[in-house]
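Enquirer: Okay, handing you the structure first.
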Amino acid sequence: MTEHTTGIGLGNRPDTDVSPLKGRTGATAPAETRGSTSIADGVVAKIAGMAAREVPAIHSLGGGMARAMGAVRNRVPGGGDGVTRGVKVEVGERQAAVDLDIVVEYGASIVDVAGDARSNVINAVERMTGLEVVEVNIAVGDVHLPDEEEDEPDETRVR
């Protein structure tokens, strides 16, 4: 029994030079490959940010100033949820590169946390977008100590 695959899907690419993001044209091409798909940088940044935050020893993303501005932005209606804070991406036709600024919990192995974050981001972005992630650069800007208070302003109000 021989296996015959048609079309382009995950794991069964008959033409290795054809990307599912940049399809083929013409009546003879399978329907799922006709046309092209573009993925915005912001989409990849959100996926990468969510994937990085899934790593337990990552306290937060973003440098000190980015976290402070993010706390203010989160309080402004329509200011966004900060999912992409600390995440920069470059997206091409078939590849993406990701830069992360992270804060690690005190006591965690930075090397292990960076490896876990890198693996999680690559898997999530490649699985969800079909893009090849060529690199995930990680900058550890701080270590969160257990006795440090959050950068949340006092919520008391005048009555």
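The values are calculated or read from the model by the stated rules, or taken from the named source; none is laboratory data. Bear in mind that the values here come from a model prediction, so they are computed numbers and not experimental data. Neighbour counts run over all protein chains shown; Cβ positions are idealised from the backbone, glycine included. Ligands, DNA and RNA are stripped out before the accessible areas are found, and what is left, the full protein with its side chains, is counted by its heavy atoms. Shrake-Rupley method; radii C 1.70, N 1.55, O 1.52, S 1.80 Å.
Enquirer: Report yes if some residue within segment 143-154 is under 21 Å from Ala40 (Cβ atoms) and out of contact with any Phe, Trp or Tyr (no Cβ under 9 Å at 6 or more places or on another chain); otherwise report no.
Expert: no
Enquirer: Please enumerate the residues belonging to segment 26-43 that are touching a residue at least 12 places away in the same chain (Cβ under 8 Å), open to solvent by 70 Å² or more (accessible area, probe 1.4 Å) and part of a loop (DSSP other than H, G, I, E, B).
Expert: Thr37, Ser38
Enquirer: Among the residues of segment 13-20, is there at least one that is at pLDDT below 75, surrounded by fewer than 17 Cβ atoms within 10 Å (Cβ to Cβ) and of a type in the set (S, T, N, Q)?
Expert: Yes; the residues of segment 13-20 include at least one that is at pLDDT below 75, surrounded by fewer than 17 Cβ atoms within 10 Å (Cβ to Cβ) and of a type in the set (S, T, N, Q).
Enquirer: Which condition number does Gly62 fail, the rest of (1) modelled with pLDDT under 95; (2) open to solvent by 70 Å² or more (accessible area, probe 1.4 Å) being met?
Expert: Looking at each condition in turn, Gly62 falls short on (2).
Enquirer: Output the residues belonging to segment 104-123 that are surrounded by fewer than 19 Cβ atoms within 10 Å (Cβ to Cβ) and within 16 Å of the chain's Cα centre (by Cα).
Expert: Within segment 104-123, Gly115, Asp116, Ser119, Asn123 meet the criteria.
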